1. Given Cβ point charges of +1 (Lys, Arg) and -1 (Asp, Glu) and nothing else, what value in debye, to the nearest 20, does the dipole of the chain about its Cα centre take?
2. Can you list which of the trypsin sites (Lys or Arg not before Pro) found in the stretch 39-105 are DSSP loop residues with at most 12 other C-beta atoms within 10 Å?
3. Relative contact order of the chain, please, whole-number percent, based on alpha carbon pairs below 8 angstrom and at least 6 residues apart.
4. Testing the spin-label approximation: label points 7 Å from Cα along Cα→Cβ at Leu10 and Thr109. State their distance in nm.
5. I need the shape label for the stretch 57-118. Rule: rounded when a/c is under 1.5, else prolate if a/b > b/c, else oblate, with a, b, c from the alpha carbon gyration tensor.
6. Based on the alpha-carbon gyration tensor of the stretch 11-116 and its eigenvalue square roots a ≥ b ≥ c, which shape applies: rounded if a/c is under 1.5, prolate if not and a/b is larger than b/c, or oblate?
7. Could you point to the residue in Asn52, Tyr40, His26 farthest towards the positive end of the stretch 22-76's charge dipole, with +1 and -1 charges on the Cβ of Lys/Arg and Asp/Glu respectively?
Amino acid sequence: MSEPETPIDLQQVGNILLVPLQGLVHDELMNDLCNEVLAYLQYKRPEGVILNMAGIEVLDRHDLERLKTMVESVALMGAPVVLAEVRPGVAAGLTMLDADYSWVIAKRTVELAMAHFQ
């Protein structure tokens, strides 16, 4: 059975690229998301990227590694990434994985994430 298709919606807000994530995270989504964001960065030069995680209810270790790879790829193109609106259940579950989160910059709201770039 194939994964349900999730549209990727890149939104330029001022000089920030806002990427709302929703639904189930899976390899195809993360590959498509990374490719679209990197292609966008090739032609536009936003000051940063905000990944709005409000629509994500579950992340496992594999998903976290895929997210880290994407964040590192975007950073190599010169755009820092901030995660916004990580749900409490996701945050609690991820901390139980005892993973390295040194690469994460997270803000409680999209507004606080936008302020991070000012």
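1. I would put it at about 500 debye.
2. Loop-located and lightly packed - Lys44.
3. Taking the mean separation of contacting Cα pairs over the length of the chain, I get 25 percent.
4. The answer from the label model is 2.8 nm.
5. oblate
6. prolate
7. Selected residue: Tyr40.
Every number here is computed from the coordinates shown, using simple stated rules; none is lab data. Because the structure is predicted, anything quoted here is derived from the model rather than measured. Virtual Cβ from ideal backbone geometry, glycine too; neighbours counted across all protein chains shown.
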